[in-house]
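The block underneath contains the structure these notes are about, expressed in structure tokens.
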Amino acid sequence: MSAAPTRRDAIRTVPADPAGTVSPAALRIEGLLLATAIASVSFSAPLIAATAAPALAVAFWRNAMAVGALTPFALVRHRAELRGIGRREVLLTVGAGVLLALHFGMWLPSLHMTSVASSTALCTTTPIWTTLVLRLRGHRPPALVWGGTAVAFLGVVILTGLDLSLSTRALAGDALALAAGMAAAGYVLLGAEVRRTVGTVPYTYVCYTTTAVLLLVTCLISGSALGGYSGVTWLKLAALTVTAQLLGHSLINRVVKSLGPSVTSTAILLETPGAALIAALWLGQLPQTAAYPALVVILVGLALVIMGDRRGKQQA
């Protein structure tokens, strides 16, 4: 059985009004945290592009370093919570870690098999799969959620293009990117379920540990070099861990409890224009003209999803 809620759990829980809904003030805080998460994960692609290490090794180290950073907090301040996690929650958390490993393990190689544009666009189909799975589980997302998801994804297509190639290698890369988007949807959905009763630190600690172990095995089997990097490369790996993993993914795991998987997964689409902006400022890769209208389209789609999600909760 799970341990009884502690005072720390009560402090961490999002404030709610007497009706049981999240207060407007709390929603603003959660929205700010989500914006911080999206800004942080936007560093992922530019840092990976600038890091001289195998893609799978980069995925492993960002998770392994995150586990190392979380260990003191998880084993000292959150030890009681870790011990109190129920068997069902542990299994779901491990499942989320497996899906996150699959997401990294499929998406990063796809970048070398197909165009970056196609890989990015297909991988960011996450909110579509999230909405479909919710529908299959008996939820009835409002029409605004469906429409907003489609509009937001259209914004990504405007920015990246979807230049599907007929070559066997490119099609295989496209398939990997699409599967990576599906895995990310499962990761978000399982995280939303576990976070209903489990704190952010215990959940992310078990999840990232699972992901790191699986990616380590994958690196060893594939022969990806796990060391011998320059000092600059290690610094970039550390920066990737702090930004994309600890601030990005961990804050996403934090807010999915209150904002829900539909809103959270749709907001992640903003990573694409965010990465383009960072690449422009840091790497000198000026964004395409389409980046600006694409950002507006994604924001409109996200706004529609948020409106539809709120209406759905009010009618429930």
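Could you tell me which of the residues 225, 280, 239, 267 is modelled with pLDDT of 80 or more, open to solvent by less than 30 Å² (accessible area, probe 1.4 Å) and not polar (S, T, N, Q)? Can you show your working first?
Numbers: 225 fails: open to solvent by less than 30 Å² (accessible area, probe 1.4 Å); 280 fails: modelled with pLDDT of 80 or more; 239 fails: open to solvent by less than 30 Å² (accessible area, probe 1.4 Å).
Every option except 267 fails the conditions.
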**Fill in**
So, first residue touching a residue at least 60 places away in the same chain (Cβ under 8 Å) in region 43-62, second residue part of a helix (DSSP H, G or I) and of a type in the set (D, E, K, R), Cβ within less than 7 Å, six or more apart or across chains; the pairs are 47/236; 50/236; 51/236
**Item:** Out of 224, 250, sole residue that is among the polar types (S, T, N, Q), in contact with a Pro (Cβ under 9 Å, 6 or more places away or on another chain) and either assigned to a helix (DSSP H, G or I) or touching a residue at least 60 places away in the same chain (Cβ under 8 Å) (or both)
**Value:** 224
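Would you mind finding the one in 181, 173 that is open to solvent by less than 10 Å² (accessible area, probe 1.4 Å), within 27 Å of residue 70 (Cα to Cα) and either touching a residue at least 24 places away in the same chain (Cβ under 8 Å) or not hydrophobic (A, V, I, L, M, F, W, C) (or both)?
Just a single option satisfies the conditions, and that option is 181.
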**Message:** Looking at region 190-205 only, could you name the residues that are assigned to a helix (DSSP H, G or I), open to solvent by less than 40 Å² (accessible area, probe 1.4 Å) and either closer than 10 Å to residue 100 by Cβ or among the β-branched types (Val, Ile, Thr) (or both)?
**Reply:** 191, 194, 200, 201, 204
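Kindly provide the set of residues from region 121-130 that are in a helix (DSSP H, G or I), crowded, with 24+ Cβ neighbours inside 10 Å and of a type outside the set (Gly, Ala, Ser), ordered by number. Give the derivation first.
First, pick out the residues of region 121-130 that are in a helix (DSSP H, G or I): 121-123, 126-130.
Among the residues that remain, those that are also crowded, with 24+ Cβ neighbours inside 10 Å are: 121-123, 126-127, 130.
122, 123, 126, 127, 130, listed by residue number.
The values are calculated or read from the model by the stated rules, or taken from the named source; none is laboratory data. What you are looking at is a predicted structure, and each value in this text was computed from that prediction instead of being measured. We place every Cβ from the backbone using ideal geometry, glycine too, and count neighbours over all the protein chains shown. Heavy atoms of the whole protein, side chains included, go into the accessibility calculation; ligands, DNA and RNA do not. Shrake-Rupley method; radii C 1.70, N 1.55, O 1.52, S 1.80 Å.
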